[in-house]
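The values are calculated or read from the model by the stated rules, or taken from the named source; none is laboratory data. What you see is a predicted model; the values in this text were computed from it and never measured. Glycine also receives a Cβ, built like all others from the backbone with ideal geometry; neighbour counts cover every protein chain displayed.
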Amino acid sequence: MKKNLFLDIVKENYLALMKMLEQTISLCSDELWSDDSINPHFWQEVYHTIYYLDYYFSDDWKNKPNHFEIPGHLKKIPEMVLSKEDLQDYLNEVREKCINLIDNLTEDKLQKKDSFYWTGGTLGHRLIYNIRHSQHHIGKLNFILRSRGLEVSTWVIDSTEK
């Protein structure tokens, strides 16, 4: 497969999943956003998803994002609650990071041995791993929305559609 075709496919899928994540943020009710009956909180699941998108777009596995000084793991609910606007802004920053990364990839960078050893052997593997991880959490967020009788995000094919 040609590099440009692969990267076009990857970019299209990242933009689609980010649009789906954006939909889950807007569809979540204010009451559900930090509902204590859900562990982790809805907002924390959203943050975790964006945090790891950001992390896996980094150059080195040792460089964890420190955007809000909140860990990205789901082990403990932080005292601070991030707003929908906070997380939408963060998602927009990560979207730009994604576009810049993919638009500037070379064949060598794509095939180079990857320091994120658990995601596969190369950056190409990591890009696909990151999509799978994100879609897993978007599915969980949609399950929470549906279980509360709320509308869920639609499946996005074309990220440029309104």
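Give the residue that is farthest from I25 (Cα to Cα), with candidates limited to residues of the range 124-160 that are among the hydrophobic types (A, V, I, L, M, F, W, C) and modelled with pLDDT under 95. Give the steps one after another, and end with the answer.
Step one: filter the range 124-160 for residues among the hydrophobic types (A, V, I, L, M, F, W, C), giving 127-128, 131, 138, 141, 143-145, 150, 152, 155-157.
From what is left, the residues that are modelled with pLDDT under 95 are 155-157.
Values: W155: 15, V156: 15, I157: 18 Å.
Across the range 124-160, the extreme among qualifying residues is I157.
Please report, ordered by residue number, the helices (runs of 4 or more DSSP H) entirely within the range 1-110 with at least 3 residues that are farther than 18 Å from F143 by Cα.
Result: 3-27, 42-56, 84-103.
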Original post:
E85 fails exactly one of the following numbered conditions: (1) over 18 Å from L7 (Cβ atoms); (2) in contact (Cβ under 8 Å) with a residue 40 or more places away in the chain. What is the number of that condition?
Top reply: (2)
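Would you confirm whether or not the range 97-104 contains a residue that is farther than 17 Å from H41 by Cα and under 13 Å from the mean Cα position of the chain (by Cα)? Break it down stepwise before answering.
The initial filter retains those residues of the range 97-104 that are farther than 17 Å from H41 by Cα, namely 97-104.
With under 13 Å from the mean Cα position of the chain (by Cα) added as a condition, the list becomes 97-98.
Checked the range 97-104: at least one residue is farther than 17 Å from H41 by Cα and under 13 Å from the mean Cα position of the chain (by Cα).
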Original post:
What tally of residues in the range 111-157 results from selecting those that are closer than 30 Å to N39 by Cβ, in contact with a helix residue (DSSP H, G or I) (Cβ under 7 Å, 6 or more places away or on another chain) and in a helix (DSSP H, G or I)?
Top reply: 15
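Quick one: which residue in L101, L105, L110, L74 is modelled with pLDDT of 95 or more and aliphatic (A, V, I, L, M)? Talk me through it step by step, then tell me what you get.
Values: L105 fails: modelled with pLDDT of 95 or more; L110 fails: modelled with pLDDT of 95 or more; L74 fails: modelled with pLDDT of 95 or more.
Only one candidate qualifies: L101.
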**OP:** Scan the range 23-55 residue by residue and report those that are within 15 Å of I144 (Cα to Cα), touching a residue at least 12 places away in the same chain (Cβ under 8 Å) and charged (D, E, K, R).
**Re:** E45
Original post:
Considering the range 65-84 alone, what residues qualify as being loosely packed, with under 14 Cβ neighbours inside 10 Å and within 15 Å of the chain's Cα centre (by Cα)?
Top reply: H73
Original post:
How about the range 107-129: which of its residues are without any contact (Cβ under 8 Å) to a residue 60 or more places away in the chain and out of contact with any Phe, Trp or Tyr (no Cβ under 7 Å at 6 or more places or on another chain)?
Top reply: D108, K109, Q111, K112, K113, D114, Y117, W118, G121, T122, L123, H125
Original post:
Only one residue in D30, D36 is charged (D, E, K, R) and more than 21 Å from Y90 (Cα to Cα), so which one is that?
Top reply: D36
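Do you know which of the residues in the range 108-120 that are of a type outside the set (F, W, Y) and surrounded by 13 or more Cβ atoms within 10 Å (Cβ to Cβ) is nearest to the chain's Cα centre (by Cα)?
Ranking the candidates gives T119 first.
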**OP:** Could you please tell me which pairs satisfy a Cβ distance under 8 Å, a separation of 6+ or placement on different chains, a first residue in the range 90-102 that is more than 11 Å from L21 (Cβ to Cβ), and a second residue that is loosely packed, with under 15 Cβ neighbours inside 10 Å and small (G, A, S)?
**Re:** none
